[in-house]
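Derivation of every value follows stated rules applied to the coordinates shown; laboratory data play no part. Being a predicted model, the structure only gives us computed values, none of them experimental. With ideal geometry, Cβ positions are generated from the backbone for all residues, glycine too; neighbour counts draw on all protein chains shown.
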């Protein structure tokens, strides 16, 4: 019985040793798993921070894109408004039938009309491309009484041809044009 008891104690001790070894193995494995969990939690935390930063960047980019699109839409609306304004002004000009001719300021010249009776001494603005008849009409708008008379005009010693352009009559800026009433010549 002693022997049996010894055997039993030996077996019991062996079981205890095996249990202790097994328990130590579980403890070591548990520590390793805890370390892995801690590393994974740190990595998860790091990835979450990176994800938050990436999401914030995406939100910022989307906000900039929204702002950019809003600016584009505003500019498109302003462009449409300006096109409407241009069309309205074009229609107004067309409907008025009052299209004025705009010219370069430097192309304007002045000729001086002088009458033989001394009653006319007047500068008239014109262009070298105007016909003399157009310039003569400007003079008659000021001195209407001369419209009913038969007039001859002399410039630089030559008789002016009414339906030729100022340049074709060799009339230049500052030239004097003498009005002669043919009834008195």
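Here are the numbers:
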quantity: Identity of the residue in the stretch 123-150, surrounded by fewer than 13 Cβ atoms within 10 Å (Cβ to Cβ) and over 52 Å from the mean Cα position of the chain (by Cα), that ends up nearest to residue 108 (Cα to Cα); calculated: 147
quantity: Some residue of the stretch 94-108 being assigned to a strand (DSSP E or B) and under 30 Å from residue 165 (Cβ atoms); calculated: yes
quantity: Hits in the stretch 151-183 (condition: without any contact (Cβ under 8 Å) to a residue 24 or more places away in the chain and either within 47 Å of the chain's Cα centre (by Cα) or in a loop (DSSP other than H, G, I, E, B) (or both)); calculated: 156, 157, 168, 170
